[in-house]
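Engineer: Below you'll find the structure I mean.
The values are calculated or read from the model by the stated rules, or taken from the named source; none is laboratory data. None of the values given here were measured: they were computed from a predicted structure. Note: ideal-geometry Cβ built from the backbone for every residue, glycine included; neighbour counts use all protein chains shown.
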Amino acid sequence: MLKKVWSYSSIVKAILFFSTFITSVSSAKEGMWLPSQLKQQEADMIAAGLQVPVDKIYNENGTGLNNAVVLFGRGCTGEVISSKGLVLTNHHCGYGSVQAQSTTLTDYFANGFWAQNNGEELPCPGLTVTFIRKMANVTGRVLYGMRDTLRGQVRDNIIAARIKYLEEKLSKASGMDATIKPYYDGNQYWVSYTETFKDIRLVGFPPNGIGYFGGDFENWAWPRHTGDFSMFRIYAGASNKPAAYAKGNKPYNAKTFFKINASGYKEGDFTMVYGFPGTTKEYISSYQLNDIYTISDPIRIAARTRKLEVWDKNMNANRDVFLKYTSKRAGVANGWKKWQGEVKGLKINDVTTKKESYERTFEQWAIANDSAYPYAKDLLANMQVNTIYADSALKTVEYINETVFGIELVQQGGFIGRLMACFRAGLSRDALRDTLQKVCATTHAFYKNYDVQTDKDVFKALMPMYFSACPHDVPAYYKAQYSDHNNDFGLWADDVYKVSLLGDEEKLKNFAANAVPADSSRLLADPAWQLYTGMQGIYKANTAVVTATNEQMSYLNRLYMKCRMQKDDFKPSYPDANLTLRVAYGRVKGLDPDGPAGYSYQTNIDDVMSVANPDVEVFRVPAKLKELYGPRDYGRWAVHGTVPVAFLADNHTSGGNSGSPVLNAKGELIGTNFDRPWEGTMSDLYFDPALCRNISLDIRYTLFIVEKFGGAGWLLNEMQIVKK
C-alpha cells in the first residue's frame with residue numbers, strides 16, 4: 001500500500017511541480033480549508049509533502065479521516081484514537097468537565113485521574129462530541145432569486161425559512177442532523193451532516209503539574225512545556241448510535257480512528273491540523289480592524305489584568321477558592337493574554353496600513369466595474385462612516401461587559417427578576433415558598449464556584465475603572481451610592497455584599513423558605529438588583545447602537561466579499577473560520593522569539609525540569625514525574641535520552657483548534673494542537689508566515705505520561721501505534 005501511495009505522489013509531483021512552485025510557499029501555510037474542497041488543493045498539498053490522496057482525508061462513504069475528528073463540547077476539537085471510541089483532546093478542553101467531578105477530597109487537578117478499566121470511567125453530564133459525516137454546498141438552494149442588495153429583515157426571514165426547510169428535509173432524508181451555516185460572509189451556504197453523542201466519560205486527566213504546567217506564564221508562548229491533554233470515551237446505545245447516558249451503553253465502535261505514529265518528525269516535515277477553528281476575520285476592512293486594535297482589545301486587556309490580579313491573590317491564599325475559580329480563571333486569562341499578543345502582532349506587521357493599501361486598489365477596481373457592481377464604489381466609505389459612528393458606544397459596551405458585568409454579584413443580579421416573577425404570580429404563601437425554593441435551587445452550580453470575598457475584591461478593583469473610563473455613562477443610582485458611601489468604593493462594596501441576598505447561598509435559601517408576599521419589596525431594594533437594573537438603560541442604549549451598526553456592517557461585508565471574490569487580483573480561497581470542520585497544512589518549523597539564540601522547534605522533558613520551581617504552583621512538577629526523570633525511566637518513549645514534549649509547525653490555526661489532531665504526511669497522528677505563540681495570535685485577523693505557528697503536544701509525551709506516570713498502559717493496548 002505504501003509503495004502505491006508513493007507512486008501516486010511521485011507522478012503528480014512530476015506533472016505539477018512547475019505550476020505549483022510559485023504558490024506552494026505561501027499556500028502550504030496559510031489557510032483553513034473546507035475538507036470537501038480539498039481536491040482543489042491536492043496538487044499543492046502533494047508538492048508540500050502529502051503522501052496520501054485527499055480522498056483519505058475526507059470522503060462521504062464513511063472511510064475518510066473526517067470520521068475520526070470530533071467537535072468536543074462546544075468549542076474544542078478531539079480525535080478518536082481507538083476502535084473503542086477513545087478520544088484524545090486538550091487538558092484545558094476537559095477542564096470544565098473535570099471541575100464538575102472534583103472536590104477537595106478527589107481534587108483531580110492536584111492528583112490527576114486515570115481509569116484502570118471501563119468500569120472506572122466517569123460520566124460527564126452535558127458533555128457531547130459531534131462527528132461531521134459529510135458536507136455539501138447548498139448555496140443555490142438558499143440564495144436562489146436573491147438580489148445582492150436585498151437586505152434587512154426581509155432577506156433574513158427568507159433565508160431563515162429556506163434554511164429551516166432544507167435542514168428538516170435533509171435531516172429526514174439522511175437520518176442525521178443537518179446544519180446549514182453561511183460562509184464567505186453569507187455569499188455561500190454549506191450543510192454539515194452530523195451525529196452527536198451525549199454519553200461521554202472521563203478516562204484520563206494528568207494533574208495540573210503536567211497538564212497546566214507553566215500556567216499563564218507559558219500560555220500563548222514559546223517554548224512550551226505543558227502536557228496539555230486529556231482522554232475521554234464515547235459511549236453509544238443500540239446499533240452503535242447516539243444515546244443519553246445509561247449504565248448499559250457500550251463503548252462506541254469506531255470504524256475510522258487515527259493510527260498513531262511514534263517515530264517522530266524532523267524540521268521541514270509535512271503536517272496537517274484537522275479540526276474546528278472558531279472565528280477568524282481575515283477579510284475585514286481597516287476600519288473594523290482598528291476597532292479591535294484600538295478599542296476592544298485594549299479595554300479587555302486592562303480590565304482583565306485587574307480582575308486576574310484579584311483572583312490570583314485569593315486563589316493562592318486559599319485552596320478552596322482555587323478549586324472554585326481555576327476553570328473560570330483559565331477562560332478569562334486565555335483571552336486576556338491572547339489579545340495582548342494580537343495587538344503586538346498587528347503592530348509589528350502594520351496590518352492597518354496593509355489593509356488600507358489593498359482598499360485603494362479595491363476602489364480603483366470598483367470604479368472600473370461600476371456597471372456590473374454599482375454598489376462597490378461606496379462600500380468602503382459606508383464602512384468607515386458606520387464604524388466611526390459606533391466607536392463611542394462600542395467603548396461603553398466593552399467597559400460595561402468587562403468591569404460592571406465582570407463582577408459576579410452584578411451578573412447574578414438579574415436572577416432577582418426571576419424571584420419577582422414568583423411574587424407577581426399571586427400564589428398562596430405555601431405555594432410561593434415552594435416555588436421560590438425550586439427557583440433558588442437552580443443557583444447551586446453558581447454558588448459551588450463562587451467566593452463572596454473574592455468577588456467583593458473584584459468589585460473594589462473594577463468599579464473605579466468604569467467610573468474613570470466612562471464618566472458620562474455612570475447611572476444615577478451608581479453616582480448616588482458612591483456619594484452616600486463617602487466616595488469610597490470599599491465602603492460601598494462592603495455594604496452591597498453585606499445586604500444583598502445573592503452574596504450567600506444560605507441567606508438566599510432562608511429567604512425562599514420563609515418568604516411572605518410583602519417580601520417583594522426586599523427584592524426590589526436588593527443592591528445586586530439595583531446595580532443590575534441601574535445599568536440596563538445605558539447598556540441597552542449603547543448596545544442598540546453597536547447592534548444596528550453590526551447589522552449594517554454585515555450587509556456591507558457581504559457585498560465587499562462578493563466583489564473581492566470577483567476582483568482579478570484577489571479571490572479568497574478559503575472562508576473565515578466559523579466552528580466548522582477545516583484542514584490546515586504546513587511544515588514543522590521553529591521560531592526565534594528572542595532572536596537567533598532562542599530558535600527552536602521542539603522541547604523535551606529536560607526542558608520541563610530546567611524551568612520547574614517548587615515555590616511557584618504552576619511550575620511545580622509532580623513527585624512521580626521527578627521519580628521517573630531521575631533514572632531516566634522513560635521506557636519505549638525515550639528519544640536520545642529524553643522525551644519530546646512540544647513542537648512547532650506553521651499550520652494556520654485558531655481558537656477551536658485546541659485538541660485538534662496533528663497529522664504527518666501519511667495521515668497518522670503525531671501530536672495534539674493546543675496553542676499558538678504570542679507573537680502570532682493575530683492570525684485570526686492576519687497571517688504572517690514569519691511569526692504564525694501552532695504549538696502541539698508530541699504524541700510520545702502523551703503516551704509516556706499515560707503509561708509510565710498514569711499507570712494506564714491498558715489504554716495503549718487498544719491503540720494502533722507504529723514506529724516507522
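Engineer: (1) surrounded by 14 or more Cβ atoms within 10 Å (Cβ to Cβ); (2) under 33 Å from the mean Cα position of the chain (by Cα): which one isn't true of THR442, the others all being true?
Structural biologist: Among (1) surrounded by 14 or more Cβ atoms within 10 Å (Cβ to Cβ); (2) under 33 Å from the mean Cα position of the chain (by Cα), the lone unmet condition for THR442 is (1).
Engineer: Can you say whether THR279 is in a helix (DSSP H, G or I) and either in contact with a Cys (Cβ under 7 Å, 6 or more places away or on another chain) or surrounded by fewer than 19 Cβ atoms within 10 Å (Cβ to Cβ) (or both), as far as the supplied structure shows?
Structural biologist: no
Engineer: Okay, next question. What tally of residues in region 67-96 results from selecting those that are buried (at least 23 other Cβ atoms within 10 Å of the Cβ), among the small types (Gly, Ala, Ser) and more than 24 Å from LYS134 (Cβ to Cβ)?
Structural biologist: Summing the residues that are buried (at least 23 other Cβ atoms within 10 Å of the Cβ), among the small types (Gly, Ala, Ser) and more than 24 Å from LYS134 (Cβ to Cβ) in region 67-96 gives 1.
Engineer: Also, quick follow-up: Considering only region 549-571, I want to know if a residue exists there that is at pLDDT 95 or above and touching a Lys or Arg at 6+ places or on another chain (Cβ under 7 Å).
Structural biologist: The answer is yes; a qualifying residue exists.
Engineer: Any residue in region 399-415 that is touching a Lys or Arg at 6+ places or on another chain (Cβ under 9 Å) and either surrounded by fewer than 19 Cβ atoms within 10 Å (Cβ to Cβ) or of a type in the set (S, T, N, Q) (or both)?
Structural biologist: yes
Engineer: In region 710-724, what residues are in a helix (DSSP H, G or I), of a type in the set (A, V, I, L, M, F, W, C) and surrounded by fewer than 20 Cβ atoms within 10 Å (Cβ to Cβ)?
Structural biologist: Once the filter is applied, which keeps residues that are in a helix (DSSP H, G or I), of a type in the set (A, V, I, L, M, F, W, C) and surrounded by fewer than 20 Cβ atoms within 10 Å (Cβ to Cβ), region 710-724 yields TRP714, LEU716.
Engineer: Select from region 338-354 the residues that are basic (Lys, Arg) and within 26 Å of the chain's Cα centre (by Cα) and list them in ascending order.
Structural biologist: LYS338, LYS344, LYS347
Engineer: Would you check which residues across region 241-261 are in contact (Cβ under 8 Å) with a residue 24 or more places away in the chain, within 26 Å of ILE721 (Cβ to Cβ) and surrounded by fewer than 21 Cβ atoms within 10 Å (Cβ to Cβ) and list them?
Structural biologist: The answer is PRO251, ASN253, LYS255, THR256, LYS259.
Engineer: Considering every residue within region 197-214, establish whether at least one is more than 30 Å from ASP698 (Cβ to Cβ) and touching a residue at least 24 places away in the same chain (Cβ under 8 Å).
Structural biologist: yes
Engineer: Considering (1) in contact with a Ser or Thr (Cβ under 6 Å, 6 or more places away or on another chain); (2) within 21 Å of PRO677 (Cβ to Cβ); (3) not aromatic (Phe, Trp, Tyr), say which one ASN314 fails and leave the rest.
Structural biologist: (2)
Engineer: Somewhere in region 293-310, is a residue in a strand (DSSP E or B) and either small (Gly, Ala, Ser) or crowded, with 19+ Cβ neighbours inside 10 Å (or both)?
Structural biologist: no
Engineer: Same structure again: May I ask you to list the residues in region 110-159 that are farther than 21 Å from SER36 by Cβ, within 26 Å of the chain's Cα centre (by Cα) and hydrophobic (A, V, I, L, M, F, W, C)?
Structural biologist: Once the filter is applied, which keeps residues that are farther than 21 Å from SER36 by Cβ, within 26 Å of the chain's Cα centre (by Cα) and hydrophobic (A, V, I, L, M, F, W, C), region 110-159 yields ALA110, PHE113, TRP114, LEU122, CYS124, LEU127.
Engineer: Please list, ordered by residue number, the strands (runs of 3 or more DSSP E) wholly in region 630-698 having 2 or more residues that are in contact with a helix residue (DSSP H, G or I) (Cβ under 7 Å, 6 or more places away or on another chain).
Structural biologist: 644-649, 669-675
Engineer: A further question on this structure: Under the condition of being charged (D, E, K, R) and over 10 Å from TYR287 (Cβ atoms), which residue from region 352-397 is surrounded by the most Cβ atoms within 10 Å (Cβ to Cβ)?
Structural biologist: The selected residue is LYS395.
Engineer: Scan (1) hydrophobic (A, V, I, L, M, F, W, C); (2) closer than 30 Å to GLY215 by Cβ; (3) modelled with pLDDT of 95 or more for the single condition ALA376 breaks and write down its number.
Structural biologist: (2)
Engineer: Taking GLY112, is it over 26 Å from GLY64 (Cβ atoms), touching a strand residue (DSSP E or B) at 6+ places or on another chain (Cβ under 8 Å) and in contact (Cβ under 8 Å) with a residue 40 or more places away in the chain?
Structural biologist: Here the answer is yes, as GLY112 does meet what is asked.
Engineer: In this structure, is GLY713 over 25 Å from the mean Cα position of the chain (by Cα) and at pLDDT 95 or above?
Structural biologist: Yes.
Engineer: May I ask you to verify whether VAL98 is part of a strand (DSSP E or B), of a type in the set (A, V, I, L, M) and under 22 Å from the mean Cα position of the chain (by Cα)?
Structural biologist: no
Engineer: Taking region 425-473 as the search range and keeping residues that are part of a loop (DSSP other than H, G, I, E, B) and touching a residue at least 12 places away in the same chain (Cβ under 8 Å), which one is nearest to LYS507 (Cα to Cα)?
Structural biologist: Among them, the one singled out is THR443.
Engineer: Also, quick follow-up: Where in region 140-218 are the strands (runs of 3 or more DSSP E), entirely inside, with at least 2 residues that are surrounded by fewer than 21 Cβ atoms within 10 Å (Cβ to Cβ)?
Structural biologist: 177-183, 188-197
Engineer: In region 680-707, which residues are modelled with pLDDT of 95 or more and over 19 Å from the mean Cα position of the chain (by Cα)?
Structural biologist: Correct list: ASP698, ILE699, ARG700, TYR701, THR702, LEU703, PHE704, ILE705, VAL706, GLU707.
Engineer: From the list PRO644, PRO677, pick out the single residue that is closer than 23 Å to THR77 by Cβ, crowded, with 20+ Cβ neighbours inside 10 Å, at pLDDT below 95 and not charged (D, E, K, R).
Structural biologist: PRO677
Engineer: Take the residues of region 487-534 that are over 17 Å from ARG424 (Cα atoms) and of a type in the set (Val, Ile, Thr): which is surrounded by the most Cβ atoms within 10 Å (Cβ to Cβ)?
Structural biologist: VAL496
Engineer: Select from region 101-139 the residues that are assigned to a helix (DSSP H, G or I) and touching a helix residue (DSSP H, G or I) at 6+ places or on another chain (Cβ under 8 Å) and write down the one among them that is modelled with the lowest pLDDT.
Structural biologist: The extreme case among them is GLN101.
Engineer: Please verify whether ASN401 is free of Cβ contacts under 8 Å to residues at least 12 places away in the same chain, assigned to a helix (DSSP H, G or I) and among the polar types (S, T, N, Q), treating the condition exactly as stated.
Structural biologist: Taking the combined requirement at face value, the residue satisfies it.
Engineer: Select, from GLU356, GLU342, the only residue that is in contact with a helix residue (DSSP H, G or I) (Cβ under 6 Å, 6 or more places away or on another chain) and under 29 Å from GLU408 (Cα atoms).
Structural biologist: Being in contact with a helix residue (DSSP H, G or I) (Cβ under 6 Å, 6 or more places away or on another chain) and under 29 Å from GLU408 (Cα atoms) holds for just one of GLU356, GLU342, which is GLU342.
Engineer: Looking at (1) out of contact with any Pro (no Cβ under 9 Å at 6 or more places or on another chain); (2) surrounded by fewer than 16 Cβ atoms within 10 Å (Cβ to Cβ); (3) not aromatic (Phe, Trp, Tyr), which is the one condition that is false for GLY537?
Structural biologist: (1)
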